[in-house]
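The values are calculated or read from the model by the stated rules, or taken from the named source; none is laboratory data. A quick note: this is a predicted structure, and the numbers were derived from the prediction, not measured. Note that we place each Cβ from the backbone using ideal geometry, even for glycine, and neighbour counts take in every protein chain shown.
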Amino acid sequence: MARIPVMKPSLRTARTSIAPLMRGDAAARSAKPTMDFYGSAAWKKVRLEVQRACNRTCQGCGKTDTRIYVDHVVELKDGGAPLDRGNLVGLCAPCHAKKTSRERAKRAGR
Ligand SMILES: [Zn+2]
């Protein structure tokens, strides 16, 4: 049976991590400057080190066997050291979300 020729896709895969976010979105404005940092090899390396050190245990609530998000204790936006292990903590999703919204509220002066 003859093979049907297959064309290469003309569209490249979109990098959704850098896709423009909706204008006016606070997250979009604040996320952009740190976007490159979170894609960097240095960050990926230190993130993995922190995740390993945590051994899948949340440093906030002690929950075990969970996905660990590596969080900046002093956020980058507030001048925190980006790659200093002393400024990094492993948190579960709920603890990370709570901490992030707390910092956001603080920054907004609430
Ligand atoms: Zn937690």
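A few comments on the model shown:
- Against the conditions (1) at pLDDT 90 or above; (2) among the charged types (D, E, K, R); (3) in a helix (DSSP H, G or I), Asp71 satisfies every one except (3).
- Taking residues in segment 37-51 that are over 13 Å from Tyr69 (Cβ atoms), and partners anywhere that are at pLDDT below 95 and among the small types (Gly, Ala, Ser), the pairs with Cβ atoms closer than 8 Å and at least 6 places apart or on different chains are Gly39/Ser17.
- Scanning segment 22-62 for residues that are at pLDDT below 90 and over 19 Å from Thr100 (Cα atoms) yields a total of 4.
- Selection of first residues in segment 59-82 that are in contact (Cβ under 8 Å) with a residue 24 or more places away in the chain and of second residues that are among the acidic types (Asp, Glu) and within 13 Å of the ligand (Cβ to nearest atom), restricted to Cβ pairs under 9 Å at least 6 apart or on distinct chains, gives the following pairs, ordered by first then second residue: Gln59/Asp71; Gly60/Asp71.
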